[in-house]
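The values are calculated or read from the model by the stated rules, or taken from the named source; none is laboratory data. As the structure is a computational prediction, the values presented were derived from the model and not from experiment. We place every Cβ from the backbone using ideal geometry, glycine too, and count neighbours over all the protein chains shown. These area figures cover heavy atoms from the full protein model, side chains too; ligands, DNA and RNA do not enter into them. Shrake-Rupley method; radii C 1.70, N 1.55, O 1.52, S 1.80 Å.
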Protein chains: 2
Amino acid sequence: LSAGARAPHWDTVAIIGVGLMGGSIGLALKERRLARRVVGVGRRQESLDRARAAGAIDEGVLELEAAVAHAELIIACTPVGRIVEDVTRAARACPAGALLTDAGSTKQQIVARLDGKLPGKLGTARFVGSHPLAGSEKNGPQNARADLYEGRLVLVTPGKKSAPADVQATCDFWSALGASVWQMSPLAHDKALANTSHMPHLVSAALAGATPPEDRPLCGTGWRDTTRIAGGDVEVWTQIFLANQQNTLKSLARFEKTLSAMRAALERGDETRLAKLLTEAKQNRDALGS
Amino acid sequence: LSAGARAPHWDTVAIIGVGLMGGSIGLALKERRLARRVVGVGRRQESLDRARAAGAIDEGVLELEAAVAHAELIIACTPVGRIVEDVTRAARACPAGALLTDAGSTKQQIVARLDGKLPGKLGTARFVGSHPLAGSEKNGPQNARADLYEGRLVLVTPGKKSAPADVQATCDFWSALGASVWQMSPLAHDKALANTSHMPHLVSAALAGATPPEDRPLCGTGWRDTTRIAGGDVEVWTQIFLANQQNTLKSLARFEKTLSAMRAALERGDETRLAKLLTEAKQNRDALGS
C-alpha cells in the first residue's frame, strides 16, 4: 500500500474455497469492513455452513458460476491443482472487468496457463497470481483467523501480460488485509519456494515417515518441531510437489549434497569437518531468528 | 517414584556444568527444597557467577575435585565427550558411597567406560547413566528453569554392574524433580535416540545448511520449525554424533531410503504413490500430536 493510499473497498468479493486461507480472507474483509458482501464457494455445504457461522462469508454457494456472477474481486483458495480450472470457470461467469487472483503455493504453471488467456466476457477478466506465506499444517475453516495475513509476506507474481494497474490492485488487496507485499516473477518464486518450503516439506515428511512407530514415546520437542509440517494436508502438498516438480528436485539435490557431506564427515569420524558443517547450518538458522 | 515413597533429600549435591540442564537441576533442587547445598562446577567464573545469581547453585567452584569433596550426589551435565573424564575425576575425589549420574544424550559409550570401573575411595563410588529428554536449542544458564524436568521423560540406563538400589536412587532423583522415568539398556537407548533425535538433528542441519542465504526472506514458519534444532550448540552436537556414530548412520540410511522413495515418485510424477508416502508420514506425525 503506497503511502497515503486509501484502503480499497469492494462491493462483492467471491472466495473460492473457504478453508484456512479463504476463510481467513473472508474474516479479514469483514472485520476490516473492506467488502459489503463476501460470497464463499465450496464443494460441501457443511464447510460453507461452518464458514458462514464463523462470520467468514455472508453467503455460501455450491455452484462456482452463481457465486461469482456479481463479484468484482475473486480469490481462488483451492488446492494448486484446481486453481487454473476454477479461475477459468470464474472468468467465464464473472462481470466484465472483475479482478481474479489466487493463493496457490506454486506460480509458474498457474500463471503460464492463465496469463492473458482468460475467456472473460468482453475479454476483460484479469488474473494476477499471488501466494501468501501464511499457511499452516492446521487446515480447515475452523482454524481461519481475521489476522492470519497481518504482518505476513504475500508474493505477487505478475505475468508478462499483466497490466500494471491490475498488479497494483492485487498488491493493494493483500496490503488491505495487513500483509507486506513483494513482487517477483513466477519463475523466481517457484525456484525460491522450492528451497524454502517445498523441499523442506518433503524432508520433514521423509523424517516423519522414517521414524519407527515403536520409538514414538522417545520423540521429543526436536522431532516434533522438525516434523510439524509433515502433518499438512496430503492432497494440497501432493499437488504442490507435482506443480513445482523440477525446482523441488533441484532443491532436493542441493539438500542431499549437504547431507552427504555431513554423512561423510560422520563416517570418517572427522570432528573438525562435522563441526564446520554444523556451524554453517547454525549460522544460516540463527540468521532467521526463532 | 514408587507410590507412597517420600521425595529424597540430600545434604550436598554437586552439578558439573551449569548450563541449561545443570542450571535447571540446581533451580529445581532449591525450589523443591531437595538439597541443603548445591555446588556448581564450571570452566568459567562468569557462568558460575550467573548460575549463582539465578539461584541455581549456592556456590560456584572452578576445580572439580574441590566441588565434589562433600557431595553425596553428583550429576555431570557437561557435553557427551567430557562426561567419562568428569565422572572419573569426580569419583576419585568424592566421599565414599556417593552416587554419580549424568545428563548425556548418548549412553552406550559412557556406560561402557564407567560401569563398574570407577576408581572411588574404597571402590564405592557408583555411576548410573541418565538422559533427560528436556534439551533445547536455547542453551546456557540464562535459559535454565526450575520446571524444565516437570512432566518430561528421563531415560535411566543401568549398566550390567549397576546395583538395583543405585538404579532406584537415580530414578528417584529425577522423579523428585517432577520427571517421568523409564529404564532401558544403553544400547536400546542409543538406537532409539538415533532415530528420534540424532538423525533428525543432522537432517535439520542439512536443511538449514542447504538453504541459499538469498532466499532467507522467503523462509516461513514451516522452514523455521523444521530447522529450529539446527540452532543447537555445535560442540554438544558434534560430540553426540561421534559418540553415537554407527546408530546415527543406520538411522540416516533409513531416512535416505524413505526420502529416495519420495524423490522417485516425484520424478515419475506418480501422484498416487507420492500421496501414499505423504499419508504414511502424516499418520506417523499425527500420532504424536502437536
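Judged by the mean number of other Cβ atoms found within 10 Å, the most tightly packed of the peptides B:280-287, A:282-289 leads the ranking B:280-287, A:282-289. Taking a ≥ b ≥ c as the square roots of the eigenvalues of the Cα gyration tensor, an a/c ratio of 1.5 or more together with a/b no larger than b/c marks region B:35-194 as oblate.
Straight-line cross-link reach from A:Lys191 at under 16 Å between alpha-carbon atoms covers these aspartates and glutamates, not counting any fewer than eight positions away in the same chain: B:Glu214, B:Asp215. Rolling a 1.4 Å probe over the protein heavy atoms gives region A:162-290 an accessible area of 36 Å² per residue.
Placing a label point 7 Å from Cα along the Cα-to-Cβ axis, B:Arg268 is separated from the same position in the other copies by 3.6 nm, shortest listed first.
When DSSP beta bridges are restricted to pairs lying wholly in the protein assembly as shown, around 15% turn out antiparallel. The interface between chain B and chain A buries about 7300 Å² of solvent-accessible area in total (1.4 Å probe, ligands and nucleic acids excluded). Region B:249-272 and region B:70-93 have Cα centres lying 43 Å from one another. In chain A, the DSSP beta bridges split such that about 15 percent are antiparallel, to the nearest 5. Computed with a 1.4 Å probe over protein heavy atoms only, the accessible surface of region B:94-156 comes to 37 Å² per residue. The fraction of Cα-Cα pairs per 10 angstrom bin, counted from 0 for region A:107-242, comes to 11, 32, 33, 16, 6, 2, 0 percent, rounded to whole percents. Apply the a/c threshold of 1.5 to the C-alpha gyration tensor of region A:7-76 and tell me whether it is rounded, prolate or oblate. It comes out oblate by the Cα gyration axes.
Peptides A:174-184, B:81-91, ordered by how many other C-beta atoms sit within 10 Å of their residues on average, highest first, read B:81-91, A:174-184. Computed over the protein assembly as shown, the P(r) tail beyond 32 angstrom holds 53 percent of alpha carbon pairs. For A:Glu72, the label point sits 7 Å beyond Cα toward Cβ; its separations from the matching points on the remaining copies run 8.1 nm, from shortest to longest. Straight-distance candidates among the aspartates and glutamates for linking to A:Lys250, with alpha-carbon spacing under 12 Å and chain neighbours fewer than 8 residues away dropped: A:Asp190, B:Glu267. Here the protein assembly as shown has 49 percent of its accessible surface on carbon and sulfur atoms, given a 1.4 Å probe and all protein chains in place. Given a 1.4 Å probe and the protein chains as shown, B:Ser185 ends up with an accessible area of around 60 Å². Against the empirical 2.2 N^0.38 Å (N residues), region B:65-127 has a Cα radius of gyration ratio of 0.99. In terms of overall dimensions, chain A has a Cα radius of gyration and Dmax of 20.9, 69 angstrom. Averaged over peptide B:266-276, the number of partner chain Cβ atoms lying within 10 Å of each residue's Cβ comes to 4. Of the trypsin sites (Lys or Arg not before Pro) in region B:137-245, the ones in a loop by DSSP (not H, G, I, E or B) with at most 10 other beta carbons within 10 Å are B:Lys160.
Between copies, the label points at A:Thr221 (set 7 angstrom from Cα along Cα-to-Cβ) are spaced 1.8 nm, reported in nanometres from shortest to longest.
GNM remark for chain B: springs join alpha carbons under 10 Å apart, and the peak mean-square fluctuation among B:Thr238, B:Thr272, B:Thr248 falls on B:Thr272.
Annotation: amide H of A:Val154 within the under-5 Å range of A:Leu133, A:Ser180, A:Val181, A:Trp182, sequence separation 5 or more or interchain, hydrogens built in the peptide plane.
Largest GNM mean-square fluctuation across A:Ser105, A:Ser260, A:Ser197, computed for chain A with C-alpha springs under 10 Å, falls on A:Ser260. Computed per residue of chain A from DSSP H runs no shorter than four, each worth -39500 (n - 2.57), the mean residue ellipticity at 222 nm is -14500 deg cm²/dmol. Excluding same-chain neighbours fewer than eight residues apart, the lysines reachable from B:Lys161 by a Cα-Cα span under 19 Å are B:Lys107, B:Lys117, B:Lys121.
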